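Contents: one structure, followed by commentary.
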Amino acid sequence: MGISGFKPSFLVGIEAVRQAHGSLLAVLAGRRLTGFALVRFVEDENWFADCPVVLDFDGVQVEVCHSQLDLLSIGWDTIDTAATITGWEWFELTPQWSHSDERLEPFVGQELCEVALLEWRPADHDLATGTVAVEFVFAGDCLRIVNGLDENRIEVGTAQPDYVRHRLDR
């Protein structure tokens, strides 16, 4: 993707994600969200949801990226959001890091209360069954980065009832 430092390590399923990242996510509780970055196209300012969502919690950077129907990569302090995204000369749009997003901006400065993993388990099996989302719980609201079926999707508010919530312990 031409993103400096981005080396995704994709996992499948709740247990794999919890084992690899659960304790690291849990210790973020108590930190403030101090910034974020998304990739947007210069020409139309549209979010390119295939690229990672980068959240900064008082200097600890979490990089969340969904791919395909069930893959989730969580990275830690590897992406340089100040670096130019390269290798897109063939494409008609130019990607660049953006620190603007109406869904994320209200959370900046807020203290994180808890992080949970959410597993999609609807009553009727669908293509997304078993996908894992990362939920960041703040005092007044929740922010989730979920699998949008081969890309990231950002959700705010109460999670859909088809998610099974897995609390993370420190």
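The values are calculated or read from the model by the stated rules, or taken from the named source; none is laboratory data. Keep in mind that this is a model prediction, so the values were computed, not measured. Quick reminder, even Gly has a Cβ in these numbers, built from the backbone with ideal geometry, and neighbours come from all protein chains shown. Areas reflect the complete protein model, heavy atoms only, side chains present, ligands, DNA and RNA absent. Shrake-Rupley method; radii C 1.70, N 1.55, O 1.52, S 1.80 Å.
Can you list, largest first and rounded to whole Å, the semi-axes you get for region 1-101 by taking the square root of 5 times each eigenvalue of its Cα gyration tensor? Before the final figure, lay out each step's value.
On the way: eigenvalues 121, 57, 24 Å².
One finds semi-axes of 25, 17, 11 Å for region 1-101.
Between the amide H of Asp101 and any residue lying 5 or more places away or on another chain, no distance stays under 5 Å, with hydrogens modeled in the peptide plane.
What does the C-alpha gyration tensor say about the overall shape of region 11-170? Classify as rounded when a/c is under 1.5, otherwise prolate if a/b is larger than b/c, or oblate.
Details: a/c = 1.70, a/b = 1.25, b/c = 1.35.
Oblate, because a/c is 1.5 or more while a/b does not exceed b/c.
In the chain, the portion of solvent-accessible area held by carbon and sulfur atoms comes to 49 percent [1.4 Å probe, whole percent, DNA, RNA and ligands not counted]. Overall, the chain carries a charge dipole of about 660 debye about its Cα centre when +1 sits on the Cβ of Lys and Arg and -1 on the Cβ of Asp and Glu, all other atoms neutral. Solvent-accessible area of Glu89, all protein chains in place: 150 Å² (probe radius 1.4 Å, heavy atoms, ligands and nucleic acids excluded). Taken along the Cα-to-beta-carbon direction at a fixed 7 Å, the label points for Thr86 and Asp124 span 4.9 nm. Under the shape rule built on the C-alpha gyration tensor, where the axes satisfy a ≥ b ≥ c, region 66-131 is oblate, since a/c reaches at least 1.5 while a/b does not exceed b/c.
Heavy-atom accessible area with a 1.4 Å probe sorts Glu151, Glu15, largest first, into Glu15, Glu151.
The residue among Thr34, Asn46, Ile3 whose Cα reaches farthest toward the positive pole of the charge dipole of region 1-55, with charges on the beta-carbon of Lys, Arg, Asp and Glu, is Thr34.
Relative to the first principal axis of the alpha-carbon coordinates of the chain, what is the inclination of helix 14-26, with its axis defined by its Cα atoms, in degrees from 0 to 90 and to the nearest 10? Between the helix axis and the principal axis of the chain, the angle is about 80 degrees. Amide H contacts for Phe138 (H built 1.01 Å from N in the peptide plane; partners 5 or more residues away or on another chain; cut-off under 5 Å): Cys113, Leu143. The relative contact order of the chain, computed from alpha carbon pairs under 8 Å that lie at least 6 residues apart in sequence, is 28 percent.
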